[in-house]
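Q: One structure coming up, written as structure tokens, with questions to follow.
Derivation of every value follows stated rules applied to the coordinates shown; laboratory data play no part. The structure displayed is predicted, hence computed values, not measured ones. So basically every Cβ, Gly included, is an ideal-geometry build from the backbone, and we count neighbours across all protein chains shown.
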Amino acid sequence: MESAEEPSTPFGTFTTQSNKLQRQYQSLLDQSTPHVLYRWIGTAVFLGIFFIRVFVAQGWYIVAYALGIYLLNLFLAFLQPKFDPSNEALDNDMEDGAVGSLPTKQDEEFRPFIRRLPEFKFWHSATRAVAISFLCSWFEIFNVPVFWPVLVMYWIMLFVLTMRKQIQHMIKYRYVPFTMGKARYNKNSN
């Protein structure tokens with residue numbers, strides 16, 4: 001029954017309160033799990049507020065650039081399969097059936113697409129990154145003077161090149177990372 005008693009030390013009180021806050025935070029995350037569209041709309045609105053902050057303040061471009069690189073990295077992990085079919089080391093394991101793979105030939109068995117980064121973790125990491133970037137935009141130490149058009153052009157080039165490579169990989173190994181839900185069939189009135 002010691003767990004029901006109040007902690008007598010300051011560290012015990014801190015631990016109890018932090019555990020309580022972690023449980024409440026996890027409960028909020030669990031409740032938000034089925035609301036995919038609303039979660040992403042909230043993140044997009046928060047990202048828009050961050051970009052308005054950067055535009056109005058005319059600074060913190062390096063923070064916005066770092067956020068863009070991180071979000072691009074998350075997006076690429078979201079698009080990639082958990083087990084990369086191009087990896088030669090995994091090919092031998094795939095032949096033995098030890099590792100799940102994507103079908104590359106017409107006569108191979110269909111296996112579902114498993115993402116390297118699941119959607120919920122992608123959303124959670126992206127939202128945390130936007131929150132941290134927004135917080136950093138209020139501290140002058142992160143306002144490094146840079147010529148922002150160079151950062152924008154470099155990010156666009158990086159985005160185009162990495163997405164081109166990712167699309168080529170998707171075409172080569174014949175997988176589509178997006179699903180539109182169950183197939184719906186119209187009833188024929190015969």
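Q: Tell me the net charge near F122. Cut-off is 12 Å between Cβ atoms, F122 excluded, with +1 for each Lys or Arg and -1 for each Asp or Glu.
A: Details: positive: R39, R115, R116, K121, R128; negative: E119.
Around F122, the surrounding residues sum to +4.
Q: In nm, to one decimal, how far is the modelled label at I114 from the one at I171, with both set 7 Å along Cα→Cβ?
A: Roughly 2.9 nm, to one decimal.
Q: Sequence-distant or interchain residues sharing an amide H contact under 5 Å with R115, placed H: which?
A: Under 5 Å from the amide H of R115: K82.
Q: Work out from phi, with θ = phi - 60° and the Karplus expression 6.51 cos²θ - 1.76 cosθ + 1.60, the ³J(HN,Hα) of each residue of segment 119-125, listed in order in whole Hz, and give x for Gly and Pro.
A: Calculated HN-Hα couplings, in order: 4, 5, 5, 4, 4, 5, 5 Hz.
Q: Sort 14-21, 125-132 by packing, meaning the average of other beta carbons within 10 Å per residue, with the highest value first.
A: Taking the mean over residues of other Cβ atoms within 10 Å, the ranking is 125-132, 14-21.
Q: Each residue of segment 46-57 in turn: what ³J(HN,Hα) in whole Hz from Karplus with 6.51, -1.76, 1.60 and θ = phi - 60°, glycine and Pro shown as x?
A: Once θ is set to phi - 60°, the couplings for segment 46-57 become 5, 5, x, 4, 4, 5, 5, 4, 5, 5, 5, 7 Hz.
Q: Hey, another quick one. When Lys and Arg each count +1 and Asp and Glu each count -1, what net charge do the other residues less than 10 Å away from K82, Cβ to Cβ, add up to?
A: +1
Q: So, one more: What is the sum of charges around F46, taking Lys and Arg as +1, Asp and Glu as -1, for the other residues whose C-beta is under 15 Å from the C-beta of F46?
A: On the way: positive: R39, R53, R128; negative: none.
Local charge sum for F46: +3.
Q: Classify segment 2-81 from the C-alpha gyration tensor, please: rounded if a/c falls under 1.5, else prolate or oblate depending on whether a/b exceeds b/c. Write down the numbers at each step before the final one.
A: On the way: a/c = 2.60, a/b = 1.84, b/c = 1.41.
Note, shape of segment 2-81 comes out prolate.
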